[in-house]
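Take a look at the structure set out below.
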Amino acid sequence: MGEIKLVEIKEEILSDNQELADALRAKLTKEGTMLVNIMSSPGAGKTSLILHTLSALKGELKVGVLEADIESTVDSEKIAAQGIPVVQVRTGGACHLEAAMVQYGLEALDAVGLNMVLVENVGNLVCPAEFDTGAHLKIMILSVPEGDDKPLKYPLMFSISDALVINKIDYLPLSDFDPEAVKARAKALNPHIKIFTVSCRTGEGIEAWITWLKDRWRDFSTSPKERR
Amino acid sequence: MHELPVTEAILKIVLKHAAKNNAVKVACVRLKVGRLCDLEAVWIQNYFTYLSRGTVAEGAKIEIERLPAVFVCQNCGEKYEIGADEPITIGCPHCGAKEVEVSSGREYVVSEMEVY
């Protein structure tokens, strides 16, 4: 064997997905479709928050939903029951969505002409944070029963999200969950994160979330397309 | 982190650069990974060993350098690091302010490799 040689590379490991995500975001921006990536642990309330959001935006915006799960179509059946265009992407064991899967899902959804597409990512606080899906907005949900230590355990998810929705606040009296501690911990990782406290069961706090989301839509739809 | 697709991406980059450099064997691959990215070195190595079988990268050793997370305090301007083995703590160690910005720590890069 010959001389050993050092090869300098400096290449981003996730660059394939990143390039595809950037291209997808640019295409959707041009088409006027805002893509919203919703992430959380299993059972934190992604589908419930989506259902509330759909009902609040009904008649105002054309919204579609992309559901991702490792198995089953139970979530997409709930959305379809509301008469909303929905596509289920089965990730085939993968624990997160990648931009290629989202692109495939959007084609199946026939998303052109929709104002907004809500993407329900696979329930997982780890991998979805690492993979850009091409979304314009990244939303994470943390539910009270999961505990207030989650920003310490999954810092990346909190640091990349535009908004944190703390769900199931109706459980607070039964819990030692400290919402202020979560807010401080999340802000320490991401000072710009917008935080909402809601209960998808009682509807408490949902209005503030919807108002913020509508504002984001207004910013998106009125800003020059090349600068979005 | 999902180590398997990540390792597939690493192998793809390694094989591309190995071909470009007419390498007959890859001895070692060096990664730089920020403190804010999760990674288990043992799984990256195991998957790499498995995936690279029959390629010029078969048997290559993966060396991972963890880079610190760097924060900048929005109150006093203090720039501080949290090392690879340190827990992520909250607030500026200088003034205690909670408003801090992540300056780096999300790197995920194949930095270099040794080839024959």
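Before moving on, here are some points about what is shown:
- Its DSSP H runs of at least 4 residues, each contributing -39,500 (n - 2.57), put the calculated 222 nm mean residue ellipticity of chain A at -11000 deg cm²/dmol, to the nearest 500.
- Beta bridges assigned by DSSP with both partners in region A:15-221 are antiparallel in approximately 0 percent of cases.
- Shielding by partners - mean other protein chain Cβ count within 10 Å, residues of A:8-21: 5
- Neighbour-count order for B:T7, B:T55, A:T202, fewest beta carbons within 10 angstrom listed first: A:T202, B:T55, B:T7
- HN-Hα J in Hz across region B:102-113 - Karplus 6.51, -1.76, 1.60, θ = phi - 60°, x for Gly and Pro: 6, 9, 7, x, 10, 5, 8, 10, 7, 8, 6, 8
- Percent antiparallel among DSSP beta bridges (both partners in region B:24-116, rounded to 5): 70
- Whether region A:116-192 is rounded, prolate or oblate, judged on the alpha carbon gyration tensor where a/c under 1.5 counts as rounded: prolate
- Options A:L20, A:L164, A:L97, ranked by Cα towards positive dipole end of chain A, top entry (Cβ charges): A:L164
- The GluC sites (Glu not before Pro) of region A:4-69 that DSSP puts in a loop, and whose beta carbon has at most 13 other beta carbons within 10 Å, are A:E60.
- Radius 15 Å from Cβ of A:D170, net charge of other residues (Lys, Arg +1; Asp, Glu -1): 0
- Centre separation in Å (Cα based) which lies between region A:78-114 and region B:47-116: 33
- DSSP-assigned coil residues among GluC sites (Glu not before Pro) in region B:1-40, each with at most 15 further Cβ atoms within 10 Å: B:E40
- Cleavage-rule hits (trypsin sites (Lys or Arg not before Pro)) in region B:27-95: DSSP loop, at most 12 neighbouring Cβ within 10 angstrom: B:R53
- For the segment A:179-189, counting C-beta atoms of other chains within 10 Å of every residue's C-beta and taking the mean gives 3.
- For region A:113-122, putting each phi into the Karplus relation 6.51 cos²θ - 1.76 cosθ + 1.60 with θ = phi - 60° gives couplings of x, 7, 7, 8, 10, 8, 9, 8, 6, 5 Hz, in residue order, rounded to whole numbers and with x for Gly and Pro.
- For B:E63, residues with placed amide H under 5 Å, excluding near neighbours: B:V29, B:R30, B:L31
- Three-way shape label, chain B, alpha-carbon gyration tensor, a/c 1.5: prolate
- Binned Cα-Cα distance frequencies in region A:150-228 - 10 Å width, integer %: 17, 39, 33, 9, 2
- When peptides A:114-122, A:95-103, B:104-112 are ranked by their average number of other Cβ atoms within 10 Å per residue, the highest-first order is A:114-122, A:95-103, B:104-112.
- Rounded to 10°, Cα long-axis angle of helix B:41-51 versus longest principal axis of chain B: 20
- Couplings 3J(HN,Hα) of region A:151-163, computed from phi: x, 6, 8, 10, x, 4, 4, 6, 7, 9, 7, 7, 9 Hz, in residue order, whole Hz [Karplus 6.51 cos²θ - 1.76 cosθ + 1.60, θ = phi - 60°; x for Gly and Pro].
- Helix B:3-20 axis, angle to chain B major axis (alpha carbon atoms, nearest 10°): 60
- Filter on A:K138/A:K214; A:K30/A:K194; A:K27/A:K62 - keep pairs with C-alpha separation over 24 Å: A:K30/A:K194
- Note on region B:3-115: lysine pairs with Cα distance below 25 Å, sequence gap of 8 or more or different chains, count 13.
- Oblate is the label for chain A, because the ratio a/c of its alpha-carbon gyration tensor axes (a ≥ b ≥ c) is 1.5 or higher and a/b is not greater than b/c.
- Counts of other chain beta carbons within 10 angstrom of each beta carbon in peptide B:6-18 average 3.
Every number in this text was worked out from the coordinates using simple rules, so none of it is lab data. What you are looking at is a predicted structure, and each value in this text was computed from that prediction instead of being measured. Using ideal geometry, Cβ is built from the backbone for each residue, glycine included, and neighbour counts are taken over all protein chains shown.
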